[in-house]
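Enquirer: The following block contains the structure, expressed as structure tokens.
Nothing in this text is a laboratory measurement; each read-out follows from the coordinates by a stated rule. Since this is a predicted model, take the numbers as computed values, not measurements. Positions of Cβ are generated from backbone atoms using ideal geometry, with glycine treated the same way; all protein chains shown enter the neighbour counts.
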Amino acid sequence: MSPSESHDEISLIKACSNGDQNAFKKIYDIHSGTMYSICLRYMTNEDEAKDALQEGFIKVFKGISKFQFTGSFEGWMKRIFVNTSIEQIRKRKLHFDVSELNTNELPLTSRIETGTMDAEKMMRLVQQLPLGYRTVFNMFVIDGYSHKEISDYLNINENTSKSQLFKARKQLQIWLKDWF
Amino acid sequence: MPKFNDISDFEQLLKEQMSGHSTPPPADAWTAISSSTAQVGGIINSLSTYLNASVTLVKTGLIAGSIVALSTVSYFSLINSTDIPNNKHENIDSIQNANSNDSRPTFETVESSDNETKSPTQNTPSGGIHSKKTNHTSAVSSPVTSDTSSPAPKKYTNQPSKIIENKGGNEFRITATNYNPCVGETVILKSSEKGDWFLNETKIASNTAVYNVQCRATGSYVYYFKTPDRNVHTTLNISEFNGNIVKEQLEDGHYSFSLSNQKLIANWSINGKLYSTNAPFIRIALETVGKHQIKAVVINHPCAKPLTFDVQIAPIGHFEAINIFTVGNDGLNDTYRVKISGYDSFSIQIFNSNSNLVFSTLDPEEGWDGRINNIGIECPQGEYFARVSYKLKGELPQLKNIKLTLLRP
């Protein structure tokens, strides 16, 4: 991006850390789509995703004065929204499935019928995974957390994290069998 | 149909798709945020130390702490929010079932109650649509699973059930999983009772409460549901996404990128970074030499796919240096200068073999005539070093050390 734009971001962040609501609204307008997409990936439905989005932005506003300008601002925000989503999931009892895989096919509404695989379809597929699989899969594959970090965040054994990932992959392979 | 070699192909594509993926949040999401932050805003200004502490608390809260089991409550509310089923016993069974498998999608845990769904009869009506036998009865036959089984597609199906008629106290509903589907999608039509389904005049299924529509072609299709008592209809508007990004270079050298269909708006990103949201077009100065990817994620079409457009920016500037010059008025390399065009910045410094500066300028048109700073004493023949630093438009800054030879006739 052009220097003037990154400069804009810096001044927005500075204004926002001084409590400027207008600057915060601009930050919201720029980033809410990306952040909502993250929340949707982690949460079960749109209501929960909206809750996580709102809580996340409140945290951003409260914590923005701590942003050190050392890395990307978007990356910093992403982390907050992943954390917020995980926090919400942990509030409910996260159940790590140890039973056999479900060999059923997906319900018709979720199956991928056409020749293209776009973001919405892939997201829908990931959302169909059981919550435990999905959380680990999201963190490891898409958001790049290590098994060690995942086990810390979710308060689980590192091996559980690995096996959940393995199962998530197997499950996706079953659902995607026509695609291989 | 594209194929994946293995799951990692899928994961790679997923990661790419998700990295810049953006879904516009609900319009009312901001309201709650602004009201809470307006309150803390005042505190921030005065008590930043307090806030620093609270941020730390949030972080610790993520890692520490035990988990409160709220699954029963949350699932109960989830199920309560769905259709009210006709059969109470079935409903209770399903709730228990859902609770015992709390993290799994409900469709896999509920036993199929096949009492309702026979396979629809196979007819091929006109209009490019034909019926498809359902082999996923559990997904469509149980009233509970109809909504809870697939939380994700809710986005596409958030239209409320259409209450078409109200006879004898029983609510009669006819619903579609999506009233504005895309070509290629399968839509499930459901009614509260069994009956016959028609597309225009053609009977497409008889004595069933569920009918699957495979959307093959665009258009509005009217589906009639008929029983001896009722004759109701619902309309599916099947659409298809056709659009692409159009590039235009403006007089001032800026580029404009717009969508071929002017009714569409999109979130735009350039090289993976979000640039503009909810915009029908963007205007940008692209100077950096190389390939740029413009991406538009259309947000007001149900069938939209992300569009991309690659722009190649060719170099504008040019730099060339000679390494020998002869002082004298013979008209050939009388002064030392480099050839540069299309640049943002330029400087040259010339040193003699003892590393003493003999000439410097910021103007590439001004050459060195062999005297110290072009006014002082004449420098002897021999080797000199020019340090040229410049930046051509759209390119990275360069620093070049050039060895040059001064010759005198």
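Enquirer: Neighbouring Cβ atoms within 10 Å as the yardstick, rank B:I350, B:I377 fewest first.
Expert: Working: B:I350 22, B:I377 8.
Fewest-to-most Cβ neighbours within 10 Å comes out as B:I377, B:I350.
Enquirer: Let me ask something else about it. If I model a spin label as a point 7 Å beyond the Cα along the Cα-Cβ vector, how far apart are those points for A:F69 and B:E366 in nm?
Expert: 3.5 nm
Enquirer: Starting with the fewest neighbours, write out B:V246, B:V327 ranked by other beta-carbon atoms found within 10 Å of each beta-carbon. Intermediate results must be reported in sequence, preceding the final value.
Expert: On the way: B:V246 13, B:V327 20.
Final ranking by Cβ density, sparse to dense: B:V246, B:V327.
Enquirer: In the structure displayed, which of B:K247/B:K295; B:K15/B:K273; A:K121/A:K148 lie more than 18 Å apart, Cα to Cα? Can you show the working numbers first?
Expert: Numbers: B:K247/B:K295 12 Å; B:K15/B:K273 15 Å; A:K121/A:K148 30 Å.
As for pairs spanning more than 18 Å Cα to Cα, those are A:K121/A:K148.
Enquirer: Amide H neighbours of B:N200 under 5 Å, counting only residues 5+ apart in sequence or on other chains, H built in-plane at 1.01 Å?
Expert: B:V222, B:Y224
Enquirer: Where the centroid of each part is defined by its Cα atoms, how far is the range B:176-194 from the range B:334-348 in Å?
Expert: 69 Å
Enquirer: Could you tell me the distance between the Cα centroids of the range A:24-71 and the range B:278-293, to the nearest Å?
Expert: 26 Å
Enquirer: Turning to a different aspect of this structure: Say the cut-off is 30 Å between C-alpha atoms; which of B:K190/B:K305; A:K59/B:K393; A:K91/A:K170; A:K26/A:K66 go over it?
Expert: Values: B:K190/B:K305 28 Å; A:K59/B:K393 41 Å; A:K91/A:K170 27 Å; A:K26/A:K66 19 Å.
Over 30 Å Cα-Cα: A:K59/B:K393.
Enquirer: At a threshold of 8 angstrom on Cα-Cα distance, excluding pairs fewer than six apart, so keeping six or more, what relative contact order does the range A:1-92 reach in percent? Walk me through the numbers on the way to the answer.
Expert: Values: 65 pairs, mean separation 27.5, N = 92.
Relative CO of the range A:1-92 lands at 30 percent.
Enquirer: Can I ask one more? Please list, in chain and number order, the residues 5+ apart from B:N178 or on another chain whose amide H is under 5 Å from its amide H, with Hs placed from the backbone.
Expert: Result for B:N178 returns B:I188.
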